[in-house]
Amino acid sequence: MERSRSFKASIATHTDAGNKKSINEDAIGFRVPDAALLTTKGAVAVVADGVSSAEAGKEAAHRSVEAILDNYFKTPELWSVKHAVQKTLTTLNSELYDLGREMPNEARGYICTLSMVVIKSRLAYLFHVGDSRIYRLSAADGTFKQLTRDHVASISNEKNYLIRAMGMDTTLNIDASTVEINKGDIFYLDSDGVHDFLDDEQIRAVIEQGQEDLDKACKTMVEQALAAGSDDNISCAILRIDNLGVEEKSDFSERLTKLPFPPELRPGLKIDGYEVLQELWASERSQLYFVRNVETGEELVMKTPSATYDDDPAYIERFIAEEWIGSRIHHPSVVRIMPSAPGSKHFLYYLMEKVPGITLQKWIEQNPEPRPSIVADIILKIADGLQAMHAEQVVHQDLKPGNIMLLPDGNIKIVDFGAVYAPGLQEIFNPFEEEIALGTLDYADPSYRFGINTFIKGDIYSLAVIAYEMFTGGQLPFGRRMERCKTLEDFYALEYVPSYNHREIIPLWFDKALEKGCKNNPAERYASLDELMADLQHPNPEFLKNSQVDKAEGNTVFFWKILSFLWLAVLLVVLVLIYQDKT
């Protein structure tokens, strides 16, 4: 996943307390990480201006810059920039607000403005609160434009006051936007000690005249602000994009073909110290094999790409991403990707833990009338594994009984990362058009087939269909009618078949939860797994309004008692497993 070795940027900063301030309450920082993080997280520049009316404005500004440059890069690499920054700033804002509340003085407060730029792939991500600013001098058309808006209210022509800032309130309302960038673009950040005393044309002139020496340009900017009568702290940063570091098709293909596809494998052959024991599964797109480490005797599963795609860079990139994404998900209910020793791989493949047992599809076939308690146990564990993936901003997109393994001890493993979606990786420029994951018709969100990504709602749909199938002993909520659908409207028009039509023991409220989870229109579906699981565990009063009394009331009570007990028991078991996994 290391793509941006050729990314180059020049940056300079300068800050000064000014002639009329005894302390400097501004803070500036930047970080250009190594190649791996540069690809997934980007480069960052940030300026913060401590609010002088707040007693701890200086501390707030410096704490903010330090926390952002440290904590943002610690967020999961799979997260999108916006999500990672949102989490970082929300936590930071709460800390600043709490620190301010602890101060005894009336002028208490850890409050500062904040302007932040993240450069990743071909985009600049802008985050802003307060009256510090971000500008861009465009290399494409030569325009110089303010990209942020000041969060101030005017009392008079001479007096403004901040209406938004870090640490000002428990809720953080921050502006976020993106702009496409080009080689040669210059981003300029400053505090109000500059732009309140120099107009845009004066600022632009300093930048243009100082492009060959950005350090000198920053110092000149401060000097001119002082000469113009600035009575505040004065800070600025100039960031020039010297090279985007985005690969062309030829570079992309060359990197991806460094490792050749494995030869055709069969039992007894050895590859990179692994002996092939058995072919488990093969399709047009990939193969799975049981293999044994010749040195240690450890048995694993090897996934290899199909030779059909050995000249398809988009396919190869997707295969590489499977391993990279899967290796960052750590949960007892998700299959583990096993690391390879550096330099030990001479072919393109990846290794997974060996998972004993049978697929959930096979289990459903063998259990046409399963006990509700057993089904409840399995569903909760699947949801738990999905929650772990969603916490990393990863969506499975092809959840189905064939991709869930039921272990002999009753636990489950979600397998197959072939269709996973990770927003953080989607932000990285790919010169080849990637195919859209469609999933399996009976289980995948119909929106996928029309190029619509519904994110976690897609996994919610799949889990609800699986739950329906398990409780009904192999039936599907729309039967086989989905095969006839040609348009999105066709899918929306399909009529849901109540689950209690197949098994009378299923109560009305439980069926309504399944129906909402299976809605083909994502706007009518649950927004989170938590909501679905809550309604599957507890009767939702909304589902019982204007409905007839369940004719199987006795069975419903029995069903509910069993389910309630099982949810609690399984939850305790899962917590113990998670604890053991972490220790």
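No value in this document is a laboratory result; all are computed from the given coordinates. Computed from a predicted structure; not experimentally measured. Cβ: placed from backbone, ideal geometry, glycine included. Neighbour counts: every protein chain shown.
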- Query: Say R0 is 22 Å: what FRET efficiency, to the nearest 0.05, do N501 and S373 get from their beta-carbon distance?
  - Reply: 0.50
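Given a Förster distance of 56 Å, report the FRET efficiency between K486 and A227 from their Cβ-Cβ distance, rounded to the nearest 0.05.
My answer for the efficiency is 0.20.
I'm checking a number: the convex hull volume of the Cα atoms of the range 251-353, normalised per residue, in Å³. What is it?
Taking only Cα atoms, the range 251-353 has a hull volume of 109 Å³ per residue.
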- Positive dipole terminus of the chain, leading residue within A27, C236, A444 (C-beta point charges): A444
- Give the distance, in whole Å, between the Cα centre of the range 134-155 and the Cα centre of the range 254-333. 49
- Message: Assuming 0.36 nm per residue, please report the length gained on full extension of the stretch D311 to N173 beyond their Cα-Cα distance.
- Response: 44.9 nm
- Query: If we sort 75-87, 117-129 on the protection proxy, mean other Cβ atoms within 10 Å, highest first, what's the order?
  - Reply: 117-129, 75-87
- Any idea how far the Cα center of the range 201-220 sits from the one of the range 343-400, in Å? 57
- Neighbour-count order for L269, L38, L288, fewest beta carbons within 10 angstrom listed first: L269, L288, L38
- Members of K381/K457; K74/K345; K381/K512 lying beyond 24 Å, as alpha-carbon distances in this model show: K74/K345
- Item | Pair S138, V355: separation of 7 Å Cα→Cβ label points (nm) | 4.9
- Among (1) 51, 32, 21; (2) 51, 37, 24; (3) 38, 31, 22, the entry matching semi-axes √(5λ) of the Cα gyration tensor in Å as calculated here is (1)
- If a/c stays under 1.5 just call it rounded; otherwise compare a/b with b/c (prolate if a/b is bigger, oblate if not). Do that for the range 451-533, with a ≥ b ≥ c from the square roots of the Cα gyration tensor eigenvalues. oblate
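I need the helices of the chain that pass two filters: whole DSSP H segments spanning 18 Å or more by Cα along the axis, and mean Kyte-Doolittle score no lower than 1.0.
Span-like helices, by this rule, are 553-582.
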- Message: As an exercise, take the mean of 1/r over every pair of distinct alpha carbons in the range 1-145, invert it, and state the Kirkwood radius in angstroms.
- Response: 16.4
- Links that overshoot a 23 Å alpha carbon limit, given the list K21/K87; K8/K216; K120/K145; K354/K400; K82/K120: K21/K87
- Scan the range 473-542 for GluC sites (Glu not before Pro) in coil per DSSP, keeping those whose Cβ has at most 10 other Cβ atoms within 10 Å, and list them by number. E495
